[in-house]
Every structure is written in C-alpha cells, then in structure tokens.
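Novice: Right, I'll just put the structure down here and ask away after.
The values are calculated or read from the model by the stated rules, or taken from the named source; none is laboratory data. Note that the coordinates shown come from a computational prediction; the quantities given were computed from them, not determined experimentally. Neighbour counts are summed over all protein chains in view; Cβ atoms, including those assigned to glycine, are modelled from backbone coordinates with ideal geometry.
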Amino acid sequence: MIERSLFTEEHEIWRASVRRFVEEEIVPYHAQWEEEGIVPRELWLKAGAQGLLCCTVPEEYGGLGLDYLFDVVVFEELWRVGASGPGFLIHTDLVATYILSFGTEEQKRHWLPKMVRGEAIGSLGMTEPHAGSDLKAVRTQARRDGDHYLVNGQKVFISNGQLCDVIVLATKTDSNAGASGVTLFLVESNRPGFSRGRNLEKLGMKAQDTSELFFDEVRVPASNMLGAEGKGFALMMTKLPQERLAQAIRSATVTEVVIEWTADYTAGRKAFGHTIADFQNTQFVLADLKARATMARVFTDKCIDLFRHGKLDPVDAAMAKLVTSELHCEAVDKCLQLFGGWGYMWEYPICRAYADARVVKIAGGSVEVMKTIIARDMFKGRLPARSSRG
C-alpha cells in the first residue's frame, strides 16, 4: 500500500480528534437522522465549537487559518463512516470560500465568524428545474429597484436548504446577456418573500436535507451582491475545480472504505464449506478494485496538492471526478454483490453506501460534462472551430 505523503503529524493528530467527534457525535445518531431527513442544528454548533467548520478561514474572521488539508481530513472522516447527513462540505468548501474569495470586507466580517461557529449555515443556490450543469441558463431574476434588487425564481436540489441561513444565489440580472447576465447575491433566509419547499425524498444521502427554494419579490440590498454585476458566471467557473476535487476526494475515500468492509465480511462469511474470501472470484474482484482504488487515490492526492498550490486546472479536476465517481459506483455495486442478501439490507453500511453513491456521477457536474471538458481540451487546436450554440 502506497503511503500518503500529503499529511504531516499535525494533520494526523487533527484526524484523530475529528474521528473521535464523528464516532461520538454522529455515528450513534445517524440512522435516526436518515429517518428524519435532516440533522439537528445542535450538531452544527458542536462541530463549530470543535473547529470542524471552515478550517481555512483566517483568524481575523473567526477561523483557525489552517491549510486546506485540515478541511480534507474532516470530509474524509465523515465519508469514512458513511455520514452523508451533515452538509459541512457545501458550507465549508463552497459557501465560505465564495464569501472569502469574492465578498466585501463587511460581508466577510458579518458571515464568516458565524459560519465558523456553526451559528449560520450556508447553502449554494444554483441548480434550477431547467438549469443543472448549464449554469448560464438560470432563470431566477434579480431586477434593480433603487438600492435593492427584487429576486424572483426557484431553486431545486439545494443541500442544506431546510437549515440554511444564507444562500449564495445565482440570478439573472440581464436575461439577454447569457453568461454575462449572471450575478451572485448573498440572500438571508429570513427575508420576506423567501420560502422553503418540502424536504425532498432522495434515493440516498437521506440525512442530508435537500430542498426546493422559492423567491417571490425578495428585496435584497445591492450591498449583498457577491462580486460585480454580470460577473457571477465567471466567479462560479473559478470554483468548479475545487467542487469537483471535493467530489473526487469523497469517491476515493468511500471506494477504499467499502473494499475494506467487504474484505472483512467475506473473510468471515462462509458458503459451501469455505469463506467467501476463499473463492477466486472474490479475490479477483477485490484485487482489481483495490488496484484501481490505489491509482485513483494517488491521482486524487496529486490533485489535492495541485489545488493547495493554486495549480489545479479544470481538466485535471474533471478527470479526477470522472474516474473516481465511476469507480465509486462500480465498487459499491460489486462489493454489495459479495455481501449477498445482507448487502440489500439497509442496516448494513454497504447498502447505504450503494444508495448514497449514485449521486456522485451527477453532483458537481455530470460525468458527461466531465467527458466534454476533457475532450474539448484534447481536441483544442486539432479540429476546425465551430460556431457556438450558446
């Protein structure tokens, strides 16, 4: 097994602390949260008190000012136990980084300390019924009205939607300008005209609240704009590699974990007078998955290192997400098969991992979008230019 070289002793001490928190504060209650479809706000406050939220936020904004690997450790320890419920990733890796990267000084000082403490929960409001991966096609409107904008529209599949206090919201301030008409706002969930739809029932990730959000003449101050008017699409594009890297980290982690679960299970489960692990088919399936999981891990860790040094490009991120997400889904399918009928029972972690896995080929950009990004880069300059289809 290739030793991971990214993490220092300090990171591993942090990992042990995070693992204790996860085992004590999340694992015993996660099944209940899956039934309820949401985690309690108290968990967010406990996580904030332990420093698990927004590790990279600078001390001047209430954070610990740590490097990205501390956030990675938190995510890996959640995924290691199949904790799909706490939406810490969206909160930490996306909403907080949008505010830190593009927010005004006032916006940073208002929101980041609360997010670090878990007092304010962040959500990303981009996906719409008619706009998923095609973010420039959003229809939510924001029209100027003096020193405010009036926001009207709908978002769907929004993680942390039932709990969120602030939303990084993608809107159209100019319907005729395509990508150049997209503008981001920070929208508080207590504004008149904002409402939450039902907590959506999903195939997996059942403890993660996921909602429709509605905006009916929501009056938002112009000072809530994130970045400049018409620059929202460009800002979103700068964050996509980070979002896709996070998905790759998740898939690489879960793939490793389910292989270990299955090796342990098959070594103890007997059939026809032998353990399941005695059969060559079992050994070959797990050996193949182990080899490819190791390769995926090495590339994912390389991408983490590139990101830490500001060198992760969209194509590398797309390749990492494509390969790891497809391997993730293949691994949970093949491993569940080796559990037999018990693998189909919700009480077994492999069953929940199977249900949770399917979204990884959609979330953060579908695998088809990843292939398009990679192919465009491959054939750039090799094929005649085509006119844009918008």
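Novice: If SER180 satisfies all but one of (1) surrounded by fewer than 17 Cβ atoms within 10 Å (Cβ to Cβ); (2) under 21 Å from LYS239 (Cβ atoms); (3) without any contact (Cβ under 8 Å) to a residue 12 or more places away in the chain, what's the number of the condition it fails?
Specialist: In the conditions (1) surrounded by fewer than 17 Cβ atoms within 10 Å (Cβ to Cβ); (2) under 21 Å from LYS239 (Cβ atoms); (3) without any contact (Cβ under 8 Å) to a residue 12 or more places away in the chain, SER180 misses (3) alone.
Novice: Same structure again: Would you point out which residue out of ARG308, ARG292, ARG297 is out of contact with any His (no Cβ under 9 Å at 6 or more places or on another chain), touching a residue at least 60 places away in the same chain (Cβ under 8 Å) and surrounded by fewer than 20 Cβ atoms within 10 Å (Cβ to Cβ)? I'd like the intermediate steps shown before the answer.
Specialist: Working: ARG292 fails: touching a residue at least 60 places away in the same chain (Cβ under 8 Å); ARG297 fails: surrounded by fewer than 20 Cβ atoms within 10 Å (Cβ to Cβ).
Only one candidate qualifies: ARG308.
Novice: Okay, moving on. So SER180 passes all but one of these: (1) farther than 18 Å from THR127 by Cα; (2) in a helix (DSSP H, G or I); (3) outside the structural domain of VAL367 (by TED's automatic domain parsing). Which condition number does it fail?
Specialist: SER180 satisfies all of (1) farther than 18 Å from THR127 by Cα; (2) in a helix (DSSP H, G or I); (3) outside the structural domain of VAL367 (by TED's automatic domain parsing) except (1).
Novice: Can you tell me how many residues in the stretch 156-177 are of a type outside the set (A, V, I, L, M) and part of a strand (DSSP E or B)? Give the steps one after another, and end with the answer.
Specialist: Taking the stretch 156-177 as the starting set, the residues that turn out to be of a type outside the set (A, V, I, L, M) are 157, 159-162, 164-165, 171-176.
If we keep only those that are part of a strand (DSSP E or B) too, we end up with 157, 159, 171-172.
Matching residues across the stretch 156-177 total 4.
Novice: Mind listing whichever residues of the stretch 66-123 are buried (at least 19 other Cβ atoms within 10 Å of the Cβ) and of a type in the set (Asp, Glu)?
Specialist: Result: ASP71, GLU76, GLU77, ASP93.
Novice: Something else now. If you go through the stretch 145-160 one residue at a time, how many are within 18 Å of the chain's Cα centre (by Cα) and either within 19 Å of SER133 (Cβ to Cβ) or assigned by TED's automatic domain parsing to the domain that holds GLN107 (or both)?
Specialist: The initial filter retains those residues of the stretch 145-160 that are within 18 Å of the chain's Cα centre (by Cα), namely 155-160.
Of the ones still in play, those that are also either within 19 Å of SER133 (Cβ to Cβ) or assigned by TED's automatic domain parsing to the domain that holds GLN107 (or both) are 155-159.
Result for the stretch 145-160: 5.
Novice: Mind checking which helices (runs of 4 or more DSSP H) fall wholly inside the stretch 7-50 and carry at least 3 residues that are closer than 22 Å to ALA353 by Cα? Reasoning before the result, please.
Specialist: Numbers: elements: 9-25, 30-36, 41-49.
Once the helices (runs of 4 or more DSSP H) in the stretch 7-50 are filtered for at least 3 residues that are closer than 22 Å to ALA353 by Cα, what remains is 9-25, 30-36.
Novice: Here are GLU106, GLU59: which of them is over 18 Å from the mean Cα position of the chain (by Cα), farther than 28 Å from LEU203 by Cβ and free of Cβ contacts under 8 Å to residues at least 60 places away in the same chain? Talk me through it step by step, then tell me what you get.
Specialist: Details: GLU106 fails: free of Cβ contacts under 8 Å to residues at least 60 places away in the same chain.
Matching residue, one of GLU106, GLU59: GLU59.
A quick yes/no check of all residues on (1) touching a Pro at 6+ places or on another chain (Cβ under 8 Å); (2) of a type in the set (D, E, K, R):
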residue	(1), (2)
SER5	no, no
TRP14	no, no
LYS46	no, yes
CYS55	no, no
TYR61	yes, no
LEU64	no, no
ASP71	no, yes
LEU78	yes, no
ALA83	no, no
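Novice: Do we find a residue being in contact with a Lys or Arg (Cβ under 9 Å, 6 or more places away or on another chain), free of Cβ contacts under 8 Å to residues at least 12 places away in the same chain and small (Gly, Ala, Ser) anywhere in the stretch 191-204?
Specialist: Within the stretch 191-204 (the criterion being in contact with a Lys or Arg (Cβ under 9 Å, 6 or more places away or on another chain), free of Cβ contacts under 8 Å to residues at least 12 places away in the same chain and small (Gly, Ala, Ser)), the answer is no, since none of the residues qualifies.
Novice: If a residue must be assigned to a strand (DSSP E or B) and more than 21 Å from the chain's Cα centre (by Cα), how many such residues does the stretch 199-222 contain?
Specialist: Filtering the stretch 199-222 down to residues assigned to a strand (DSSP E or B) leaves 199, 210-221.
Cutting the leftovers down to more than 21 Å from the chain's Cα centre (by Cα) gives us 214-221.
The number of residues fulfilling the criteria is 8.
Novice: Considering every residue within the stretch 381-388, establish whether at least one is hydroxyl-bearing (Ser, Thr, Tyr) and modelled with pLDDT under 95. Talk me through it step by step, then tell me what you get.
Specialist: Here is the first cut: in the stretch 381-388, the residues hydroxyl-bearing (Ser, Thr, Tyr) are 387-388.
After this cut, where a residue has to be modelled with pLDDT under 95 as well, the list is 387-388.
Yes, there is a match, as at least one residue in the stretch 381-388 is hydroxyl-bearing (Ser, Thr, Tyr) and modelled with pLDDT under 95.
Novice: Condition first: assigned to a helix (DSSP H, G or I) and aliphatic (A, V, I, L, M). Now tell me which residues in the stretch 74-110 satisfy that. I'd like the intermediate steps shown before the answer.
Specialist: Just the residues of the stretch 74-110 that are assigned to a helix (DSSP H, G or I), to begin with: 74-80, 88-102, 105-110.
The answer is VAL74, LEU78, LEU89, ILE90, LEU94, VAL95, ALA96, ILE99, LEU100.
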